[in-house]
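Beneath this line is the structure, given in structure tokens, with notes to follow.
The values are calculated or read from the model by the stated rules, or taken from the named source; none is laboratory data. Keep in mind it's a predicted model, so treat the numbers as computed, not measured. Cβ: placed from backbone, ideal geometry, glycine included. Neighbour counts: every protein chain shown. Accessible surface areas use protein heavy atoms only, side chains included; no ligands, DNA or RNA. Shrake-Rupley method; radii C 1.70, N 1.55, O 1.52, S 1.80 Å.
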Amino acid sequence: MSGFPADFLWGCATAAYQIEGAPKADGKGPSIWDRFVHTPGHLPEGETGDVACDHYHRFREDIALMKRLGMQAYRFSLSWARILPQGTGAVNAAGVAFYSNLIDALLANGIEPMVTLFHWDLPAALDDRGGWLNRESADWFAEYARVAFEAFDGRVKKWVTINEPWVVSDGGYLHGTIAPGHKNRFEAPIASHNLMRAHGAAVKAYREVGQHEIGLVVNIEPKYAASNANADVAATRRAAAYMNEQYLDPALLGSYPPELREVFNGAWPEWDRGDFELIRQPVDFIGVNYYTRSVTRHDDDAWFLKAAAVRQPLATYTETKWEVYPQGLTDTLLWVRERYGDVPLYITENGAAFFDPPVAEDGRVRDPLRTDYLKKHLLAVREAIAAGVDIRGYLVWSFMDNLEWTLGYAKRFGIVHVNFDSLERTPKDSAHWYSRVIASHGESLSERL
Ligand code: BGC
């Protein structure tokens with residue numbers, strides 16, 4: 001017994017802007033990321049997503065490689081502006097055709113598509129209309145979602161509405177670190193709320209036209225208090241409410257955690273009760289993206305949350321300065337069940353950026369730290385399954401090295417190495433290791449590394 005259910009799905013994940021390139025091909029409209037990366041100072045000098053992995057032109061080669069590695073599922077996102085260049089209104093047939101061909105190629109290779117509708121690349125035309133600050137954004141999103149459902153449902157049986165609304169709001173509207181680059185405490189809760197309304201509107205539209213499964217993907221970073229001191233415990237509560245509960249609570253419980261009023265202080269609006277009916281649509285699954293945890297303490301000098309993360313002296317940290325803490329994944333999965341009940345879960349992202357040596361003369365990329373990371377996190381998933389949590393699949397972030405948003409190309413999360421000059425793909429040792437895990441349905445996890 002491997003400890004994984006018989007129909008557990010093994011696969012990998014990517015997102016459109018991080019891999020596709022071809023920002024103007026075949027009628028695509030600009031997205032906020034096209035704008036953001038071309039504004040000086042946002043990314044390392046000279047880096048953009050204009051070419052990225054050139055997946056737009058190389059998707060068949062990429063799918064062939066996924067098949068060789070034994071992937072059973074592939075989670076990717078649609079670029080909204082490829083399908084609706086203005087965000088609403090006219091549909092771009094060539095954009096629909098690109099994804100249609102991609103989906104057909106996956107199915108022909110026996111790989112199940114999981115499609116994310118929104119992974120951060122809002123059409124620029126919609127940002128010009130206020131983006132996620134405009135209440136109409138829920139209708140725009142439902143209109144776009146309907147086009148995608150009508151074109152692909154049936155061939156696609158697993159849909160994700162929004163990827164990580166917290167990152168969109170926290171990075172895009174509160175701290176200004178990602179597109180659209182606003183830094184405004186008053187905007188952040190409004191953007192979050194409209195993202196959640198958009199999620200609800202898309203799920204509702206799906207029930208009219210779709211036949212299969214739809215869910216929401218959130219990133220959860222469990223918060224552990226640095227000490228038992230009241231101030232640290234309170235800071236930890238604020239951080240958890242802000243990052244983790246702000247999205248799952250309205251989606252699954254129909255309300256916001258009370259701590260958010262304190263967190264946002266005077267910037268917390270009074271919400272229309274009716275909005276929660278829209279947001280709390282029954283979902284078929286929740287996708288959990290897990291990377292790290294945070295040990296939290298009170299910090300008067302910290303803007304906004306008045307909380308700071310405490311560095312763990314004995315821990316391993318990844319290249320993005322995230323602590324490797326597999327136990328946090330088990331804790332997270334148990335916490336989701338405890339707080340929200342028995343909702344089916346997928347691990348929709350998990351992985352790590354480590355320094356990788358270049359491709360060696362023997363063709364190998366030796367990345368033992370990544371393999372170790374993945375192994376420990378898969379064992380953490382197995383532990384949660386043993387405790388009775390309904391976990392249906394695991395998708396590695398990421399299939400290949402790609403544009404790590406504002407960090408550019410230096411932070412490599414792929415299990416497949418990409419040479420960003422030649423665009424050649426080379427599976428790293430971790431990809432070969434994962435391939436054996438999949439082939440043995442998790443049995444090989446019990447072997448020594
Ligand atoms: C995102 C990915 C990102 C990854 C690593 C997640 O927050 O969904 O797009 O590349 O984390 O930072």
Out of everything in the stretch 156-169 that is out of contact with any strand residue (DSSP E or B) (no Cβ under 6 Å at 6 or more places or on another chain) and open to solvent by less than 20 Å² (accessible area, probe 1.4 Å), what residue ends up being farthest from the ligand (Cβ to nearest atom)?
Ser169
Restricting the stretch 378-394 to residues that are under 23 Å from Lys321 (Cα atoms) and out of contact with any Phe, Trp or Tyr (no Cβ under 7 Å at 6 or more places or on another chain), which is nearest to the ligand (Cβ to nearest atom)?
Ala380
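Could you check the stretch 174-190 and list, in sequence order, the residues that are within 16 Å of the ligand (Cβ to nearest atom) and open to solvent by less than 30 Å² (accessible area, probe 1.4 Å)? Can you show your working first?
Taking the stretch 174-190 and keeping what is within 16 Å of the ligand (Cβ to nearest atom), we get 174-175, 177-179.
Those that are within 16 Å of the ligand (Cβ to nearest atom) and open to solvent by less than 30 Å² (accessible area, probe 1.4 Å): Leu174, Ile178, Ala179.
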Which condition from (1) away from the ligand (no atom under 16 Å from the Cβ); (2) within 22 Å of the chain's Cα centre (by Cα) is the one that Val416 breaks?
(1)
The condition of being surrounded by fewer than 23 Cβ atoms within 10 Å (Cβ to Cβ), more than 16 Å from the ligand (Cβ to nearest atom) and free of Cβ contacts under 8 Å to residues at least 24 places away in the same chain holds, among Pro344, Pro358, Pro326, Pro368, only for Pro358
For the stretch 197-220, what are the residues that are over 16 Å from Arg280 (Cα atoms) and among the hydrophobic types (A, V, I, L, M, F, W, C)?
Val209, Ile220
Residue under question is Tyr434, and the condition is that it be crowded, with 19+ Cβ neighbours inside 10 Å, of a type outside the set (A, V, I, L, M) and in contact (Cβ under 8 Å) with a residue 60 or more places away in the chain; does it hold?
yes
Answer from Arg146, Arg135 - the residue that is in a loop (DSSP other than H, G, I, E, B), surrounded by fewer than 20 Cβ atoms within 10 Å (Cβ to Cβ) and over 18 Å from the mean Cα position of the chain (by Cα)
Arg135
Please tell me if Pro269 is under 17 Å from Ala138 (Cβ atoms), open to solvent by 10 Å² or more (accessible area, probe 1.4 Å), out of contact with any Gly (no Cβ under 8 Å at 6 or more places or on another chain) and away from the ligand (no atom under 16 Å from the Cβ).
yes
Return only the number of the condition from (1) over 19 Å from the mean Cα position of the chain (by Cα); (2) more than 16 Å from the ligand (Cβ to nearest atom); (3) in a loop (DSSP other than H, G, I, E, B) that Lys375 does not satisfy.
(3)
